[in-house]
Structures are given as C-alpha cells and as structure tokens.
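Participant: What follows is a single structure, and I will ask about it in a moment.
Where a number appears in this text, it was derived from the coordinates with a stated rule and is not lab data. Nothing here was measured: the structure is a model prediction, and the numbers come from that model. Glycine also receives a Cβ, built like all others from the backbone with ideal geometry; neighbour counts cover every protein chain displayed.
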Amino acid sequence: MHPTLPFPKLAAICRKLKFFRPQVSELKRYPLAFAAGLLLACAFPKIGIAGFAWLAPMLMLASAAGHRGGAAFRIGAVAGFGFHLASLYWLLLIPVSFLPIIGWLLVAIYLALYQGLWSWLCWEMFPVRLDVPLEGILPILERISSTRWIERLRWSALSAAIWVALEMAQARIIGGFPWNLLGSSQYRMLPIIQISSFLGIYGVSFLVAWFSVSLLPALASLIRHPGSRRLWMGEMILPVIALVAAATFGFQRIRHYEQPSRRLKIALVQPSIPQTMIWEKDKADLRLKELIELSKKALEEKPDLMVWPEAAVPNIFRPNPVYHDTNIYVAVTNLVQTHKVWLVIGADDIIPRPNARTWEDIDWYNSSFLVSPQGEIEGVYQKQRLVPFGEFVPFTSWIPFLAKLVQSEGNFSPGKGPVTFVLPSLGIKTSVLICFEDVFPHLARKSVSEDLDFLLNLTNNGWFGESAAQWQHAAGAVFRAVENGLPLVRAANNGLTCWVDSLGRTYNVYFPGNRDIYSAGYKIAYVPVLSGGKRPLTFYTRYGDWFGWGCVALSTLVLARVLIARRKPACFEPAIETSVV
C-alpha cells in the first residue's frame, strides 16, 4: 500500500465532518510535527538531554514550512500537543478515578495552543510567501535561502522573541502555568544559565530558541549552496556570538563567586506520605506519629532549623474559635520546646469571617508556619498562587455546576502577598514559597530583599508517584536561585528535597547511601547565609521581567503588522533577492 494513501482518506473524512478542510500536504506534516514535540519533551527530566531543546523548535517550524494561516497553526499545535502530552504524562498518576486522563488531555491541548500560535505567527511574518505548490520540504528550504540574509536574520530573532512572549503569557493566563519553559531544559548548563541574573529564565529561552530557529535558514543555505561554508555559517554567526558571550559571562560569574562563610544547619524532613493516605482521615494519627518519629531522628543531628514540607500534618495546625482540636498543635510545640529548635511547617489554616458560625463562614488557606523554640507561632504565610482544579475551581462564577463536576482538594483562598520569616536568635530571614510557586519567576522575586538569607519552598509532589514531575519541578526552581542571587532550599513530601546555591548548583539531591529521591527520610543541609549586612540585589531582582516584557511589546507590534497585512489584498508576490552575507 502506498504510504501516503491514508492522508487523502483522512482529508476527505474531515471535509465530510466539516471539522476543518486540511490539504493532504498539511496532514503529511503532522507526524514530523508530533515527533518534534516528542524530541522537545526529551530535553526535560527524566530523560533530560538538554541538546534536544536546541533542535526541536527548528523542527517544529520546518514541519510547518510552506504553510500559513490555519494550517501553520494546526501543525504547530500538533507539535505542542506531542510535547506536552509526553512531558506531562505524570498527570495520569493522580489517584482520582478517570479524571486524570481528561485533565491530561485538556492541559496538553490548552498548552499546545501556544506552539500553534508561535508557528502561525512565525510563518505569517516570513519575508516572502512560501505557500506555493512545491512538493516536499527541500524545495521550500531552497526558496527560504533565496531571501535576503538580513531578512532571515531578523526573522529568526523575532521568532525567538515571540517564543518568549508566549512563555510570558503562559506564566500568567488563567493563573499561569510556567512549567517546562524552554530555558529550564538547560538547568544543568551552569555557564549559560547565569544570564538569568540579568534577563531571567526568559533570556535563556530566547537564546535557545534563537539558535534553534537560525538552524532552519542555515540548513536551507547548505542545501542550496552545499559547497559554500560561508553562507550557512553566516546564518548562525549572531546567535553563536550571543551564546559565547553568555557562556563567557557565566564562566566569569562562577569563577569569581564567593559563598558566605557562615552556614545554617537545616534538617529537611521528607515523610513521603502517599496522596491516598493524605485523604484518609482515619490514618491521621498514624501519619503524625510517623512524622514525629522521623523528626526526632533528624533532631539527633542538632540542627538550627527543621523544615516539614507542604501537607505534612494531617489536619489544621492552628486552633481557632471554629476549630478546637489542639492535638497537632500540642504535638508540634512539645517537639520544638523539648529540642529547642526552630521549625517551619506546611499545613492548612482557616480564618473565620466576622460573626462566623458555621464552616461555610470561614476562609481556607494553604499555609506555612514559623514556630519558635518556645512553641510560639512567629510567622504565617498563605499561598498566593493556587493550583487550578486542585485548590480551587476557576470559572465557577460563570459556570456554577463546574465545581460539582471537578474533584478538588478544597476551595482555598489566595494569600495577599509575600511574608518574611524572621528567626532572631539565629539572625536569619527567609521567605516561603508553597507548592509550585517556585516556578513563577515574577512571584519569587517579590519575596526577595537585600537582607534575605534564602528562599524556602515547601511542596507536596506525592500526587504524581515516582515520576518526572519532581525532577521537572526542581529544574524550574533552580532558576529562582540564579535569578535572585541567593540559595533556594526545598523541602518536599516525596522529592526533590535539596538546596540550590545562587549559581544553580544542587546539593543533597539523594539520601546518603542510595539514589532514591522518593523515599521517606531526612537530609542535613549546610546552607550559606549572610553574617549580618546585606547582599547586592541582582539586576533581575531589581527590574524583573523587563526582557520578557520587551519581547511581549515587540511581538505585539509584529502581530498588529501581520493582522493589518492580512486585511490588504495581495497585489503582487514580493521579489526574491539573491542571498547576501
């Protein structure tokens, strides 16, 4: 059977269903696009081959070469669907009936829209029209190389800026989900990621995307002029210079880095509580007992500070006029008073509204508490960025019945802002980020001040079993340390408990004697902290996502120009000019 036979049949079926009217040439590109998405997924943990990220965006665009409009969007969306479907497979491990399958597909479809928009806009702004009756990609690549060099250079740089602009949107729309941003695939490339201290993670995403997109006209020039090295190297000269400059800056930053001499001894307790056990109320006493026993073992090491992760305790920690159970509060305060240790814990909290009488009259918060060695609560932080469909159900004001269809952990309220935990007897200040808040660059930097010693993340990744979610989460979190120039300490329910220095190097990744990050245990981390005084704020901490917003502004202008051009009738085909380097 001829290998292209299924495509005409599929196109005919789609036309009959009036779903959309694809050309056979478009359908032929879907396998390549999907493969490009899978390649990009392999750049992230657990596979984690960072070099694939420098190739995948080029392949995404190549799969849509010769198509514009809806066809380019759909091909790009297929690539994005393959990427998110593979990289977010761990959503299937959420222990909730059949809903994970639906959520996995919907999340992948939604996020794929960003790659679809990228493909569409990139090809809409290409200097000449390529949607001509050419068979195969090679003739199209030849035509790409026939445009002027300066136009191709401008196109590749603008394409990278558009990628960054879409990542900025992904981090903010519907609460935001900046997971597996292109730059985070490079979290182990320490010299390259140092530019995050100026540009944020979006600078790394831009560099990778620019290099990758430039490979396409370089390939086109190589095919058209196989004997001319000067032509295809000319396509790569500027992104390569930018890459070398970034790496040089990174090497210099690493070389001249001096860690503070003072170190804080922190016991990071990882209880590894299965998510199904968290939901079982009759196991609450067992959970608390195991956590206390594990903590006592950690306290034998005489730490200055002990940290429990998100969802460590089984019930509300702080008693109040509505909730009178003091068992957990008493157990925790007895522990810290006996061992004279500071403690940060993750727990739910409730605040009654004025004249509250029932459970309907209270606000729930996913919180963290700072408990002093005297058993006093010295600080409370309430999570600001909630998980959609996990901690709250969006759109219920427009679609009220949606809350009944979705099983959620609860209807939590968002906190009002960052809180600094002050430990005066230790001379330490820290700010807490809960759950996936440490993957939000713009959120984390608001918690940083000149006298802050480190950021502290409490998270519960027990939802996702022993999967890549823990590694992907940690990969994104590495950039918060580099961006803000201070350590990030992570306490997780079942991994990845560790700490990251201000250069992005991770420590205490594994438990002593094994390579298992998911089991129960504790780790002793010696984290460098300030000896009084202040640390200089990084450029990124001071000015935030200035580079990302610049890419948004530039992309908006490009989009406006494309939309205006689409309204004008095409009177003639732009002239094809000889390649110039």
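Participant: Show me the trypsin sites (Lys or Arg not before Pro) within the range 20-89 that DSSP assigns to loop and that have at most 16 other Cβ atoms within 10 Å of their Cβ.
Facilitator: Values: sites: LYS28, ARG29, LYS46, ARG68, ARG74; in loops: LYS46, ARG68.
Qualifying residues, ordered by number: LYS46.
Participant: Then there is this: Alpha carbon centre of the range 496-556 versus the range 180-210: separation in Å?
Facilitator: 14 Å
Participant: With θ set to phi - 60° and the Karplus curve 6.51 cos²θ - 1.76 cosθ + 1.60, what are the ³J(HN,Hα) couplings of the range 189-195 in order, to the nearest whole Hz, using x for Gly and Pro?
Facilitator: Going residue by residue, I get 8, 4, x, 6, 6, 5, 5 Hz, with x marking Gly and Pro.
Participant: Go through the range 347-355 residue by residue and turn each phi into a ³J(HN,Hα) via Karplus (6.51, -1.76, 1.60, θ = phi - 60°); whole Hz please, and just put x for glycine and proline.
Facilitator: 7, 6, 9, 10, 10, x, 6, x, 6
Participant: Something else about it: Return the loop-located GluC sites (Glu not before Pro) in the range 248-332 (DSSP other than H, G, I, E, B) with at most 13 other Cβ atoms within 10 Å of their own Cβ; answer none if there are none. Working shown, then result.
Facilitator: Details: sites: GLU258, GLU280, GLU290, GLU293, GLU300, GLU301, GLU310; in loops: GLU258, GLU280, GLU300, GLU301, GLU310.
Sites meeting the loop and neighbour criteria: GLU258, GLU280, GLU300, GLU301.
Participant: Normalise the Debye intensity by I(0) for the chain, one equal point scatterer per Cα, no solvent, then take log10 at q = 0.05, 0.09, 0.11 Å⁻¹ and round to two decimals.
Facilitator: -0.24, -0.74, -1.03
Participant: Filter the trypsin sites (Lys or Arg not before Pro) in the range 243-321 to those in DSSP coil with at most 15 other Cβ atoms within 10 Å of their Cβ, and list the result.
Facilitator: Details: sites: ARG253, ARG255, ARG262, ARG263, LYS265, LYS281, LYS283, ARG287, LYS289, LYS296, LYS297; in loops: ARG262.
Counting only loop positions with at most 15 other Cβ atoms within 10 Å, the trypsin sites (Lys or Arg not before Pro) in the range 243-321 are ARG262.
Participant: In what order do HIS256, HIS84, HIS442, HIS67 fall by count of nearby beta-carbon atoms within 10 Å, going from fewest to most? Each step should come with its number before you reach the end.
Facilitator: Values: HIS256 7, HIS84 26, HIS442 15, HIS67 23.
Lowest count first: HIS256, HIS442, HIS67, HIS84.
Participant: Over 22 Å between Cα atoms: which of LYS383/LYS446; LYS265/LYS446; LYS297/LYS523 fall into that group? Walk me through the numbers before you get to the answer.
Facilitator: Numbers: LYS383/LYS446 13 Å; LYS265/LYS446 26 Å; LYS297/LYS523 11 Å.
Cα-Cα > 22 Å for LYS265/LYS446; rest within.
Participant: Spelling out what I want: for every residue of the range 144-160, take phi, set θ = phi - 60°, compute 6.51 cos²θ - 1.76 cosθ + 1.60 (Karplus), and round to whole Hz; glycine and proline get x.
Facilitator: Working through the residues one at a time gives 4, 5, 7, 7, 6, 4, 5, 5, 5, 5, 5, 5, 5, 5, 5, 4, 5 Hz.
Participant: 222 nm [θ] for the chain, helices only, -39500 (n - 2.57) per DSSP H run of 4+, per residue, to 500?
Facilitator: Numbers: 19 runs with 258 residues, N = 581.
It lands at -14000 deg cm²/dmol.
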